[in-house]
Amino acid sequence: MYESLSLKEEQIASQIVDAAFQVHKNLGPGLLEKVYETCFCYELSKHGIHYRRQVEVPIVYDKKSFDIGFRLDILVEDLVICELKAVEEMNPIFQAQILSYLRMTNKRLGFLINFNVSIIKNGIKRVIL
């Protein structure tokens, strides 16, 4: 059985979902991922939430670190990973990607958010390790 998430992680999760709803409400589907990323980060910053974009994630193998170009989209409050998409349909590889990022960064909570949907709640997937 998994440990419960911290109160801080749950609060951040709620703010992430709110930011995604605001962006989707204002822009709707059909734009490029970069547009959604920019506006999503703006929504976070409006509420004083710290984030980093395009964070490098090294691979650690046999106690050696390799920087091979993996970048997660957004790291929120150094606790929650957000991978943003603007795709016609979700590919199972996207879930594998966020699970890998969670493992490599020792984080427990991530969100896979696809903005290219008519109803945003159908585009938000919460992932917990």
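What follows is calculated from the coordinates using simple rules that are stated; it is not laboratory data. Values in this document were obtained by computation on a predicted structure and should not be read as measured data. Cβ sites come from the backbone with ideal geometry, for glycine too, and all protein chains shown count toward neighbours.
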Cut-off 10 angstrom, C-alpha nodes, Gaussian network model of the chain. Which of ALA20, ALA86, ALA96 fluctuates the most? ALA96
Full extension between SER4 and ASN26 adds, at 0.36 nm per residue less the Cα distance, a length in nm of 4.6 nm
Please enumerate, by chain and number, the lysines with C-alpha under 28 Å from the C-alpha of LYS125, excluding those fewer than 8 residues away in the same chain. LYS8, LYS25, LYS34, LYS46, LYS85, LYS107
To two decimal places, what compactness ratio does region 7-128 give when its Cα radius of gyration is scaled by 2.2 N^0.38 Å? 1.03
Calculated FRET efficiency for the pair LYS46/MET104, C-beta based, R₀ 30 Å, to 0.05: 0.50
Angle, helix 33-46 long axis vs. longest principal axis of the chain, Cα atoms, 0 to 90°, nearest 10? 90 degrees
For the chain, the longest principal axis of the Cα atoms and the Cα long axis of helix 7-27 enclose an angle in degrees, to the nearest 10, of 40 degrees
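State to the nearest 20 debye the size of the charge dipole of region 7-128 about its Cα centre, where the only charges are +1 on K and R beta carbons and -1 on D and E beta carbons.
160 debye
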Report the full-extension gain for the segment ASP67 to GLU88: residue separation times 0.36 nm, less the Cα-Cα distance, to one decimal in nm. 4.5 nm
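Please state the shape class of region 34-96: rounded when a/c is under 1.5, otherwise prolate if a/b exceeds b/c and oblate if not, all from the C-alpha gyration tensor.
oblate
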Taking Cα centroids, how far is region 1-55 from region 68-105 in Å? 13 Å
Taking the Cα centre of region 49-91 as origin and charging only Cβ (+1 Lys, Arg; -1 Asp, Glu), how large is the dipole, in debye to the nearest 20? 200 debye
